[in-house]
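S.K.: Shown below is the structure under consideration.
The values are calculated or read from the model by the stated rules, or taken from the named source; none is laboratory data. Quick caveat: nothing in here was measured; it's all calculated off a predicted structure. Reconstructed Cβ throughout: ideal geometry from the backbone, glycine too, with neighbour counts over all protein chains shown. Heavy atoms of the whole protein, side chains included, go into the accessibility calculation; ligands, DNA and RNA do not. Shrake-Rupley method; radii C 1.70, N 1.55, O 1.52, S 1.80 Å.
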Amino acid sequence: MVNSNENTVITKAVIPVAGLGTRFLPVTRSVPKALLPVLDKPLIQYAVDDAVEAGITDIAIVEDTRPVGSYFHSMPDLEGKLREGGRNELADQMVDISSRARITSIKQLEPLGLGHAILLAKNFIGDEPFAVLLPDEILWGDHSSTAQVLDVRDRYGGNVIAVTETSWDDVHTKGIVAGTSVEPNVIAVEEMVEKPKREDAPSNLAIIGRYALEPTVFDFLSQQRRGAGGEIQLTDAIIDCMNELPTHGVIVDAARYDAGVPEGMFGATLHQAAKDPTMRQMIVDFAAEL
Ligand code: G1P
């Protein structure tokens, strides 16, 4: 198989965030879903942190009319005020947020799907392999999930996707992969399908929003074929690449919360809150009361 980019280190990532966020109405009437907080940090920040920990330096945020990338702008006035008030630690944290990676905003003004969002980043990426992170999927482990995906790509080349077992009741809401195990937690993908009916799903291994992709995907995304839900699907472009490139799935070692739905957001909030002794006690007391 030809894979000319095999030795190229991935430094760029695309984070698509456009979308109506209908499962979070009414708050998403004015706040983009990627800016909804899990405690004090918005979803987009968790995704950027996951990318930066994996060595990503340049990130394109593909957003609709409501800006998300501006969250990462530097805020000298705020930083100055915080320092005047002696709140240097918080000021340093603000500086860190705006300097973690170079952030570029790209507009997706038509809701044509995830594949379309990635296609819009083609010029930003150029002819090099890149990462994609979906901020709805919160993955917390000892190591960044993006780093785990990039590690498998370093060893096998081609396209690599983070996956996890999901409930059979949910397979129709996800991209699903099936294949042969090549080492613990790594499979060579043989089948992939976007949002299959439960009876058509080849497994219950779901795609969970961390990808390492070769620029070959743009050749197929450019054809703008419509797939599941009438949208241009990233999963379909990855399937199209399978004749030319190896494709692997990594069962990432991380706690996963699907913050695309309120229950997942609530679970992620409990996970973070339990790290703080006071809030942990509040959870325990509340549970006892229930
Ligand atoms: C997207 C992908 C799907 C993946 C999911 C993960 O779907 O198309 O393959 O399983 O993200 O959350 P979406 O949730 O945007 O419909």
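S.K.: Residue 282 versus residue 39, label points 7 Å from Cα toward the beta carbon: distance in nm?
M.R.: Distance between the two pseudo-spin positions: 1.1 nm.
S.K.: Grab the beta carbon distance between residue 222 and residue 52, set R0 = 25 Å, and tell me the FRET efficiency rounded to 0.05.
M.R.: Rounded to the nearest 0.05, the efficiency is 0.30.
S.K.: Over the range 19-121, what is the mean sequence separation of C-alpha contacts under 8 Å (at least six apart), divided by residue count, expressed as relative contact order in percent?
M.R.: Relative contact order here is 29 percent.
S.K.: Tilt of helix 88-99 relative to the longest C-alpha principal axis of the chain, in degrees (0 to 90, nearest 10)?
M.R.: Around 20 degrees separate the two axes.
S.K.: Rounded to the nearest 5, what % of DSSP beta bridges with both residues in the chain are antiparallel?
M.R.: Antiparallel: roughly 60 percent of the beta bridges in the chain.
S.K.: If eta is 1.002 mPa s and T is 20 °C, what Stokes-Einstein diffusion coefficient results for the chain, Kirkwood Rh from Cα pairs, in µm²/s?
M.R.: 108 µm²/s
S.K.: Check residue 175: other-chain or 5+ apart residues with amide H under 5 Å from its amide H, H built from backbone geometry?
M.R.: Under 5 Å from the amide H of residue 175: 195, 207.
S.K.: For a 29 Å ceiling on Cα separation, which of these pairs sit above it: 81/107; 107/275; 33/122; 122/174; 122/197?
M.R.: Violating the 29 Å limit, Cα to Cα: 81/107; 107/275; 122/197.
S.K.: For the chain, what is the relative contact order in percent, using Cα pairs closer than 8 Å and at least 6 residues apart in sequence?
M.R.: 22 percent.
S.K.: Further question on the same structure: Given points 7 Å out from each Cα along the Cα-Cβ axis, report the residue 27 to residue 200 separation in nanometres with one decimal.
M.R.: 3.4 nm
S.K.: Restricting everything to alpha-carbon atoms, can you work out Rg to Rh for the range 136-290 with a Kirkwood hydrodynamic radius?
M.R.: 1.04
S.K.: Let me ask something else about it. Considering the dipole of the range 45-142 built from charges on the beta carbon (Lys and Arg +1, Asp and Glu -1) around the Cα centre, which of 94, 80, 119 is farthest to its positive end?
M.R.: Projecting each Cα onto the dipole axis, the largest value belongs to 80.
S.K.: Using alpha carbon centroids, what distance separates the range 213-242 and the range 43-92, in Å?
M.R.: 31 Å
S.K.: Further question on the same structure: Could you tell me how many degrees, from 0 to 90 and to the nearest 10, lie between the Cα long axis of helix 262-273 and the main elongation axis, the longest principal axis, of the Cα atoms of the chain?
M.R.: The angle comes out at about 50 degrees.
S.K.: Can I ask one more? Given Cβ point charges of +1 (Lys, Arg) and -1 (Asp, Glu) and nothing else, what value in debye, to the nearest 20, does the dipole of the chain about its Cα centre take?
M.R.: The dipole of the chain has a size of about 740 debye.
S.K.: What is the dipole size for the range 1-147, taken about its Cα centre, with +1 at each Lys and Arg Cβ and -1 at each Asp and Glu Cβ, in debye to the nearest 20?
M.R.: The dipole magnitude comes to about 520 debye.
S.K.: Sticking with this structure for a sec: Between residue 122 and residue 188, what length in nm is gained on full extension when 0.36 nm per residue of separation is reduced by their alpha carbon distance?
M.R.: Extra length from residue 122 to residue 188 when fully extended: 21.1 nm.
S.K.: Using a probe radius of 1.4 Å on heavy atoms only, what accessible surface per residue do you get for the chain? Whole Å² is fine.
M.R.: 49 Å²
S.K.: Mind giving me the nanometre distance, one decimal, between the label points for residue 98 and residue 73, set 7 Å out from Cα along Cα→Cβ?
M.R.: Taking the two extended label points, one gets 0.9 nm.
S.K.: Quick check: at a probe of 1.4 Å, how many percent of the accessible area of the chain sits on carbon and sulfur atoms?
M.R.: Of all accessible area on the chain, carbon and sulfur atoms account for 52 percent.
S.K.: Moving on to the next point. May I ask which residue of 157, 26, 138 lies farthest towards the positive end of the charge dipole of the chain, with charges of +1 (Lys, Arg) and -1 (Asp, Glu) on Cβ and the Cα centre as origin?
M.R.: Going by the charge dipole, the pick is 26.
S.K.: Relative contact order of the range 188-290: what whole-number percent is it, with Cα pairs under 8 angstrom and at least 6 residues apart?
M.R.: Relative contact order here is 24 percent.
S.K.: Right, something else. Report the Cα-based extents of the range 1-146 along its three principal axes, largest first, to the nearest Å.
M.R.: 60, 38, 29
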